[in-house]
Every structure is written in C-alpha cells, then in structure tokens.
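The structure appears right after this line, and notes come after that.
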Amino acid sequence: MLSAAATAAVALAAAPVVANPQDPSSPKTTAGAQKDVDELLAEAERAIEAYNGIAERVEELEAETERRQQRVAQSQQAVNDKRTVLGHTAAAHYRAGSIAPSLALLLTTEPEGYLDRAATLDRLSERQAGDLRELISAQRVLEQRRDEARDALAELEEERNRLSRQKQAVLRQLALAERRLEELTEQDRKERAERHPAPDEPAGPAGPAEAGSPLAPAPAATAGQASSRAAAAVAAATSVVGAPYAWGAAGPSSFDCSGLIQWAYAQAGVSLPRTSQEQARAGRTVPLTEALPGDIVVYRDDASHVGMFVGNGQVVHAPYTGASVRYESVTMMPLHSVVRP
C-alpha cells in the first residue's frame, strides 16, 4: 500500500547532532529530547490509526459499490427482458392485424369464430397489462438502484480524498519525528536503545511498578490457560518478532501495531477490526492482573497503540517506524485497557 521510502521515513540510524546547552535553539538534552521524540511518534501513530480507519472504510465502500453496480446490471437486464416480452406481443398483434373488437364483429362473416378469437385476445391483453406493470416496477427498481450506486460512488470518492489527505498528515508527522530523531545526541541514542530490548529476545523484568498496582506486571500465564484461538494468535505474533514496522501494513511481512494484532488473530481464524480504537472494543475488558496470553493490551488515553500479551509481564507489539516487532514490558506506556477477544 505504501512505499518503502515512507516506511523508513523515521530511521533511527541518522547521524547524531551534538547539543549545545548554552544555545537556546539547540536540541534539548537527554530526558527532554527523548520525551519529544516519544510524543512525536505517539502523534504519528494517532495519525496512522486514523489513516487505517479511513482505509478500512474505503475498502468497505469499494466492495459495497461493486455490489450495487452488480445490482444495477441485474435490474437493467430485468427491464430489458420485460421490454423484449412486450415487444414480441405487440409485434404479434400487429402482424395479426388486430383492430377494435366492435368493428371486427361488424365485419366478420363468422361471429362465433370471432368471439372465440376475441376471448383469446382479451386473455392476451390481461397478460400484456401484467407484463407492463412488471416493466414499470422493474424500471422503478432500476432507477432506485442507480441512485444508490451513484451515492455509494460519491461517498467512495469523498473517502478516497480523505485517505489522501490523511496520508499527507502522516507523512508530515513522521517528517517531524525524523527531524527530532536526527537531533538526538549519541548519548540520547544509546539511552533510547537501552530502554528497548533486542527484537529477537524477550524483555526483562517489567518496570518498577509495585506488585498489585494496576500497572504491575501480570503473573506468568501458560498458553494452556488461554483459549486455543488465543494460543494460535500468540504463536502467530511471536513468529514474526523481528519483522519491520510499516505504517498501514497488516502482514504478512511487515506490520503496524493494530495490523499485527489483526493479522495474528486472522491466523487463528478470528476476524478483528483494523484500528486500535476498534480493537479496544472488540472483546471483554479484564484487569491487567488477570491478563492471559492472547489478550490485547491497549495503550494511551485515546487507545492509539496496542500489543499482544504473551505472559510473564510482556507484550509483543509493532512499536513505530524504524523499529521491528518485538517483546517489551507490558508497562512500557500508560495503560488504557486489556481486552479479551
């Protein structure tokens, strides 16, 4: 859907710029600089989830528009068929030289034979009238379906325009984050790297929260405690640890945060919504202390990030542009909710 250049827009390997603390225009030092980067990446992720929502709507409208166009074609064929039937009947009457019944009775030399023919003509007339009523009804259905198809096309075009605008908003936000990342000092980069585990290894102990607090690491849970479909989703998510983050991507070789969750559950035969906000409503909410492998962990007040709980206080998630799918502490950012699909 999106170019590799866009995906790599916020690479973390840019050359460091050393900050001058005496220069007010100089980049902030470690804590402030890293906070700025995190906030910019969070804003970019919000824009990406908005993009995903619009993209999902465009896909739905494309399918709906196609269905409506097929119904228009079916209705047009029905109208054409009924017109053909009426045309054949009219042509037969013309060839038979049908005239007004009263005049035909005066001219006929065989009144009894005429009456038999007139009765037949009356039956044909009734059937023709029925065909005409069916044609009128079919034409009305055709016009209604044409109107519906036009409305669907107009909505599709509007959503496609929204999608284009949102893509530009995402690119602008990622460009801001890229510039801020380029301003990080070498020390900032080192500390930032230390805050995150290697992409192919589970995270270490989960944060400093006290046991029993809402953000404390959940107790270890075995796959046997989770449903078979949750276990299958966990297996899928962990199988792609190390895959690159790509905004707007939902597998199988790259992912954004909600794309990873949707794809992993699809491998387990479960259909989930596309965006993190919709996924936050896609099941039963449970306390973090009762989380089981496969539960969706939703982050930030606006539910703009998601990961999959895998037990031992850890999630697997697709973090942000320039990073890879990886294990991380369940307490890595402010918790919104835990959802069991």
Being open to solvent by 60 Å² or more (accessible area, probe 1.4 Å), modelled with pLDDT of 55 or more, under 22 Å from Glu155 (Cβ atoms) and within 41 Å of the chain's Cα centre (by Cα): is that true of Gln77 here?
no
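Results for (1) surrounded by fewer than 22 Cβ atoms within 10 Å (Cβ to Cβ); (2) under 15 Å from the mean Cα position of the chain (by Cα); (3) at pLDDT below 95, shown as yes or no for each residue.
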| residue | (1), (2), (3) |
| --- | --- |
| Val240 | yes, no, no |
| Gly248 | yes, yes, yes |
| Ile296 | no, no, no |
| Ala318 | no, no, no |
Among the residues in the stretch 63-71, are any open to solvent by 80 Å² or more (accessible area, probe 1.4 Å), over 19 Å from Tyr245 (Cβ atoms), of a type in the set (Asp, Glu) and within 26 Å of the chain's Cα centre (by Cα)?
yes
Identify the single condition in (1) touching a Phe, Trp or Tyr at 6+ places or on another chain (Cβ under 6 Å); (2) of a type in the set (Ser, Thr, Tyr); (3) part of a strand (DSSP E or B) that Thr321 does not satisfy, given that it satisfies every other one.
(3)
Meets criteria (in contact with a strand residue (DSSP E or B) (Cβ under 7 Å, 6 or more places away or on another chain) and either touching a residue at least 12 places away in the same chain (Cβ under 8 Å) or farther than 22 Å from Ser228 by Cα (or both)) for Gln267:
no
Set Ala63, Ala50, Ala55, Ala8: member being modelled with pLDDT under 90 and aliphatic (A, V, I, L, M)
Ala8
Does any residue in the stretch 304-321 that is under 15 Å from Thr289 (Cα atoms) come within less than 6 Å, Cβ to Cβ, of a residue that is open to solvent by 10 Å² or more (accessible area, probe 1.4 Å) and hydroxyl-bearing (Ser, Thr, Tyr) six or more places away or on a different chain, and which pairs are these?
Gln314/Tyr327
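The values are calculated or read from the model by the stated rules, or taken from the named source; none is laboratory data. In this text the structure is predicted, and so the values were computed from the model without any measurement. When we count neighbours, we look across all protein chains shown, and the Cβ atoms used for this are built from the backbone with ideal geometry, even at glycine. All accessible areas refer to the heavy atoms of the entire protein, side chains included, with ligands and DNA or RNA removed. Shrake-Rupley method; radii C 1.70, N 1.55, O 1.52, S 1.80 Å.
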